[in-house]
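The values are calculated or read from the model by the stated rules, or taken from the named source; none is laboratory data. Not measured: the values here are computed from a predicted model. Neighbour counts are summed over all protein chains in view; Cβ atoms, including those assigned to glycine, are modelled from backbone coordinates with ideal geometry.
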Amino acid sequence: MARRTPSLVTWRVREGLLALVLAVVSVALLGQGISAQEEPLMSPPVKEPTALSITFEPSSMAGIPHYLAARLVAEDGSAVVGERVSIQRVVDVFGGRAVTIGRATTDNAGIARVPIVPREDTYRVTASFSGTDSLVASSVEDDVVFPAETVFVPEEVPRGGLVDPQLRPLADVMPIAIGLAVVVVWIVLIGVTVLTLSRVRSSRRSDERASDQVSADVPGAGSGPQPG
């Protein structure tokens with residue numbers, strides 16, 4: 001049996017299939033190369049560093065509170081606007097802990113202000129910014145010194161509490177008067193009780209005497225039957 005030789009058409013079909021496979025492989029490799037080149041473009045954006053500073057702003061007018069002012073800036077020194085800043089005080093309680101004084105949003109100058117009434121001349125204060133998708137978180141801890149005239153020192157409460165000086169003599173007499181009133185009330189209650197008991201006993205004795213008198217006036221009252 002003679003061996004059949006592939007025809008020209010068969011060779012053309014084979015060459016076409018081989019070219020198609022090579023084209024598919026080339027497209028796949030080219031796609032991987034393009035993806036590899038685009039990967040750096042898909043990386044997350046670089047966050048901009050930030051910095052915080054904190055100062056004390058005393059009030060310039062009566063009725064306006066004092067403030068702790070925390071300023072948030074970017075790496076180039078420009079103000080970071082519209083971000084929340086938390087201000088805390090570090091206190092030495094149970095080994096030291098942070099107590100939140102307040103939170104505020106930075107204004108056009110990058111300053112977040114929290115009102116405060118200092119009760120000591122120095123506070124250990126921490127200001128912190130939690131960061132965003134484009135800004136790095138930052139914090140600062142520093143000792144804030146308050147001027148003596150801004151520190152609130154409560155006055156010593158006088159004996160007996162805070163009382164109008166014109167009413168002070170009355171306030172001193174009132175405890176004695178209340179005590180005497182209580183004693184008088186108790187004496188009256190005891191007297192009424194004793195008088196009531198005495199009247200009850202006298203009434204019983206009067207009833208017994210009246211009963212004895214009636215028995216004495218009626219002949220044969222109180223004696224047994226007479227024998228016939």
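Considering only residues of the range 94-108 that are of a type in the set (A, V, I, L, M, F, W, C) and modelled with pLDDT under 95, which is surrounded by the fewest Cβ atoms within 10 Å (Cβ to Cβ)?
Pass one, the range 94-108, residues of a type in the set (A, V, I, L, M, F, W, C): 94, 98-99, 101, 104.
So of that shortlist, the ones also modelled with pLDDT under 95 come out as 94, 98-99, 101.
Values: F94: 6, A98: 15, V99: 9, I101: 18.
Of everything passing the filter in the range 94-108, F94 is surrounded by the fewest Cβ atoms within 10 Å (Cβ to Cβ).
At pLDDT 70 or above, part of a loop (DSSP other than H, G, I, E, B) and aliphatic (A, V, I, L, M), is that true of V153?
Spelling it out, V153 is indeed at pLDDT 70 or above, part of a loop (DSSP other than H, G, I, E, B) and aliphatic (A, V, I, L, M).
Take the residues in the range 76-93 that are among the charged types (D, E, K, R) and over 16 Å from S139 (Cβ atoms); name whichever of them is modelled with the highest pLDDT.
Result: D76.
Quick one: which strands (runs of 3 or more DSSP E) sit completely within the range 65-118 and have at least 1 residues that are polar (S, T, N, Q)?
Numbers: elements: 66-74, 84-91, 97-105, 111-116.
Of the strands (runs of 3 or more DSSP E) lying wholly inside the range 65-118, those with at least 1 residues that are polar (S, T, N, Q) span 84-91, 97-105.
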